[in-house]
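Participant: After the structure tokens below, expect a handful of questions from me.
Just so it is clear, none of the values below were taken in a lab; they were calculated from the coordinates. Everything numeric here is computed off the predicted structure, so don't read it as measured data. Quick reminder, even Gly has a Cβ in these numbers, built from the backbone with ideal geometry, and neighbours come from all protein chains shown.
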Amino acid sequence: MRKAKRSAGVIRTLSLLIGLTLVAPAYPATLTPSPVMLANVYHAGITLSDYWVSEKYDGVRGYWDGETLRTRSGAIIPAPAWFTAKLPKTPMDGELWAGRDRFEQASSTIRQQSADDEAWRHMRYMVFDLPAHPGTFDQRIPVLQKLVAQIDCPWVQAVSQFKVANAAELQRKLDDIVQGGGEGLVLHRGASLYRAGRTGDLLKLKPFDDAEARVVAHVPGKGKYAGMMGSLLVELPDGTRFRIGTGFTDEQRHGPPPVGSTVTFRYQGKTAGGKPRFARFMRVRDEL
């Protein structure tokens, strides 16, 4: 009897470990990414007077193509009809946001295949740009503000843009946002045109660095994490591989991000070999 129980236990453990390691990618590779503008990391030495500053909203990127609301990857977001009913034919770029320090709530809401009206009533579409407008960001701001005012929906809001005089004021603004539960700041060069892809015309400023990596494999846990995922083996776009072993809940260790998915992690600088130091899991990228 004991031998049979031990055998059954070994089989269950092996099944779990095989499942953790060989999970198929959950996200289709055939999606066409939304043509959104992506930020680089802020660096000292820029001419701050050239940039507008706004809060960086910790939500899910929402690209309105004039007919459909989509994620950064191009997946359709199943928002209720009333949520998008007054959105214009004009493309808009923004963040689907549930409030400061409520990313999980926002992410859970947009992942519902059948829209939950009550959950969506806590969401805001924070619009920060007009991708199809041919002018500079300086010129796009007043057009965006007028457009949002015409939409006249409390859940559709234009992101507030402001200027800072110097680096000290920028740091004070960052401290105020972070202390209030916000994620950080975004700096957008006023003379820039909207263009898809990562660009220095758009900069993000946070109290820590973050980046994205693709999940390559699940590494089985040991000790208190035996029978669960211990860490993720991930790969950066340049091919650098490393492990992320902290930042997970027990629930996430039982059901880790699928192989092939993209995760966001935070870190503090890099090693001489180019690997992120003290990498910590934050979330799976905003996919459906």
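Participant: Run lengths n ≥ 4 of DSSP H only: what is the helix-derived mean residue ellipticity at 222 nm for the chain, with -39500 (n - 2.57) per run over all residues, to the nearest 500? Numbers along the way, then the final one.
Facilitator: Numbers: 7 runs with 70 residues, N = 288.
Helices in the chain give a 222 nm mean residue ellipticity of -7000 deg cm²/dmol.
Participant: At q = 0.11, 0.15, 0.22 Å⁻¹, what log₁₀ I(q)/I(0) does a Debye calculation on the Cα points of the range 162-288 give, no solvent, two decimals?
Facilitator: -0.51, -0.85, -1.28
Participant: For Cα pairs less than 8 Å apart in space and 6+ apart in sequence, what is the mean separation divided by the residue count of the range 158-288, i.e. the relative contact order in percent? If you can, show how the numbers build up before the last one.
Facilitator: On the way: 196 pairs, mean separation 24.1, N = 131.
Relative CO of the range 158-288 lands at 18 percent.
Participant: When Lys and Arg each count +1 and Asp and Glu each count -1, what net charge do the other residues less than 11 Å away from Gly230, Cβ to Cβ, add up to? Don't skip to the answer; put the middle values down first.
Facilitator: Details: positive: Lys222, Lys224, Arg243, Arg253; negative: none.
Charge balance in the 11 Å sphere: +4.
Participant: Explain nothing, just the number: relative contact order of the range 209-284, from Cα pairs under 8 Å at least 6 residues apart, as a whole percent. Please list the in-between numbers first.
Facilitator: Details: 156 pairs, mean separation 24.9, N = 76.
Taking the mean separation of contacting Cα pairs over the length of the range 209-284, I get 33 percent.
Participant: Identify the trypsin sites (Lys or Arg not before Pro) of the range 241-288 meeting these criteria: DSSP loop state and at most 13 other C-beta atoms within 10 Å of the C-beta.
Facilitator: Taking the range 241-288 and a limit of 13 other Cβ atoms within 10 Å, the loop trypsin sites (Lys or Arg not before Pro) found are Arg277.
Participant: Counting only pairs 8 or more places apart or on different chains, how many lysine pairs in the chain have C-alpha atoms closer than 20 Å?
Facilitator: Lysine pair count for the chain: 15.
Participant: Could the peptides 54-62, 103-111 be put in order, highest first, of the mean number of other beta-carbon atoms found within 10 Å of their residues?
Facilitator: Values: 54-62: 22.6, 103-111: 18.0.
So the order, starting with the most tightly packed, is 54-62, 103-111.
Participant: Sort 122-129, 209-216, 145-152, 40-47 by packing, meaning the average of other beta carbons within 10 Å per residue, with the highest value first. Don't jump to the answer; show the numbers that get you there.
Facilitator: Working: 122-129: 21.2, 209-216: 17.4, 145-152: 13.5, 40-47: 10.8.
Taking the mean over residues of other Cβ atoms within 10 Å, the ranking is 122-129, 209-216, 145-152, 40-47.
Participant: Checking the a/c ratio against 1.5 first, then a/b against b/c, what shape does the Cα gyration tensor give for the range 101-189?
Facilitator: Numbers: a/c = 2.48, a/b = 1.24, b/c = 1.99.
Verdict is oblate for the range 101-189.
Participant: I need to check one value: relative contact order of the range 37-205, counting alpha carbon pairs closer than 8 Å and at least 6 residues apart, in percent. Can you show the working numbers first?
Facilitator: Details: 318 pairs, mean separation 60.8, N = 169.
Reported as a whole number, the value is 36 percent.
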